[in-house]
Amino acid sequence: QKEVEQNSGPLSVPEGAIASLNCTYSDRVSQSFFWYRQYSGKSPELIMSIYSNGDKEDGRFTAQLNKASQYVSLLIRDSQPSDSATYLCAVNTNTGGFKTIFGAGTRLFVKA
Amino acid sequence: DAMVIQNPRYQVTQFGKPVTLSCSQTLNHNVMYWYQQKSSQAPKLLFHYYDKDFNNEADTPDNFQSRRPNTSFCFLDIRSPGLGDAAMYLCATSRDLVNEQFFGPGTRLTVL
C-alpha cells in the first residue's frame with residue numbers, strides 16, 4: 001500500500017462547479033496534512049495546511065480531515081479554468097524518520 | 001519578498017559530467033530539502049538538512065550529495081549523472097519538520 005494515495009485523474013469539472021479531490025494515507029499517527037497545487041512545468045505551491053479533524057476554509061478552498069478514516073480532501077468551489085493543475089496531497093509521517101510524503105497528485109481540468 | 005531561489009533554472013550536462021545545483025532562501029528556515037520529480041510522479045525526497053544535521057533517505061543513490069555551508073544556501077551535487085537522473089530538482093524549506101514547505105521554482109536537468 002502506498003503511503004499517500006490519490007486518484008491520478010484527470011478529474012474534469014465544468015466552470016463554476018465544485019471540484020472534490022481526495023487523499024488517503026497509511027500512517028495512523030500522522031499529524032500534519034497539506035495540499036499543494038502544481039501547474040505543468042512549475043514547482044508545487046502551498047494551498048492549505050490542516051492539522052485537526054474537521055473542515056478548514058480559505059476562500060474558495062476547503063480542506064477536510066478525518067483522522068479516524070485516514071483521509072483528507074480538498075474542495076474547490078466555483079472552479080475556474082485557472083484552477084486546472086495537478087493537486088498534490090502531502091502528509092507528515094514519523095515512520096522510518098520524520099518526513100513529508102507526497103502523493104502523485106490528481107490532475108484537475110476545469111472546462112470553460 | 002522572502003523566497004526560495006534556485007539556480008540555474010535549466011541545466012544541461014553530459015552523461016557522467018558532475019553537476020551542481022544551488023538553492024538559497026531568505027526565509028531563515030531551519031530545514032532545507034531536495035526533491036527529485038519526474039513527469040507525472042510525486043516529488044521524491046532525496047535528503048534534508050535540519051540546520052546543520054544532514055538526513056539522507058535510505059534509497060537516495062550515492063551519486064547524489066548535498067552541502068549546506070550556511071543557513072541560506074544548500075547545494076545538490078550529482079557526481080556522475082546518468083540518463084535516469086534527468087528530472088526536475090526541487091528545493092524546499094520549512095521552519096520546522098512539522099510545518100508546510102515552500103518550494104523554489106526548480107531546476108530542470110537534462111542529461112545528454
Q: Please find, among B:90, B:45, the residue that is crowded, with 16+ Cβ neighbours inside 10 Å, within 26 Å of residue A:7 (Cα to Cα) and free of Cβ contacts under 8 Å to residues at least 24 places away in the same chain.
A: B:45
Q. Considering A:31, A:64, which residue is surrounded by fewer than 14 Cβ atoms within 10 Å (Cβ to Cβ) and either at pLDDT below 95 or part of a strand (DSSP E or B) (or both)?
A. A:31
Q) Take the residues of segment B:88-112 that are touching a Leu at 6+ places or on another chain (Cβ under 6 Å) and on the phi < 0 side of the Ramachandran plot: which is farthest from the other protein chains (Cβ to nearest Cβ)? A) B:111
Q: Would you tally the residues in segment B:25-72 being in a strand (DSSP E or B) and in contact with a strand residue (DSSP E or B) (Cβ under 6 Å, 6 or more places away or on another chain)?
A: 21
Q) Of all residues in segment A:73-97, which are within 14 Å of chain B (Cβ to nearest Cβ) and either surrounded by 14 or more Cβ atoms within 10 Å (Cβ to Cβ) or under 12 Å from the mean Cα position of the chain (by Cα) (or both)? A) A:85, A:86, A:87, A:88, A:89, A:90, A:91, A:92, A:93
Q: Can you confirm whether segment B:89-111 contains a residue that is in a loop (DSSP other than H, G, I, E, B), of a type in the set (Gly, Ala, Ser) and in contact with a Lys or Arg (Cβ under 8 Å, 6 or more places away or on another chain)?
A: yes
Q. How many residues are surrounded by fewer than 17 Cβ atoms within 10 Å (Cβ to Cβ) and part of a loop (DSSP other than H, G, I, E, B) when one looks only at segment A:1-28?
A. 13
Q. Can you pull out the residues in segment A:46-61 that are part of a strand (DSSP E or B) and either over 24 Å from residue A:85 (Cα atoms) or among the hydroxyl-bearing types (Ser, Thr, Tyr) (or both)?
A. A:49, A:54
Q. When segment B:18-42 is examined, which residues are found to be touching a residue at least 12 places away in the same chain (Cβ under 8 Å) and of a type in the set (Gly, Ala, Ser)?
A. B:22, B:24
Q) If you go through segment A:34-57 one residue at a time, how many are in contact (Cβ under 8 Å) with a residue 60 or more places away in the chain and surrounded by fewer than 19 Cβ atoms within 10 Å (Cβ to Cβ)? A) 0
Q. Here is a list of conditions, (1) more than 10 Å from the chain's Cα centre (by Cα); (2) among the acidic types (Asp, Glu); (3) surrounded by 13 or more Cβ atoms within 10 Å (Cβ to Cβ), and residue B:96 meets all of them except one; can you say which number that is?
A. (3)
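The values are calculated or read from the model by the stated rules, or taken from the named source; none is laboratory data. Only a predicted model underlies this, so the values are computations on that prediction, with no experimental measurement involved. Positions of Cβ are generated from backbone atoms using ideal geometry, with glycine treated the same way; all protein chains shown enter the neighbour counts.
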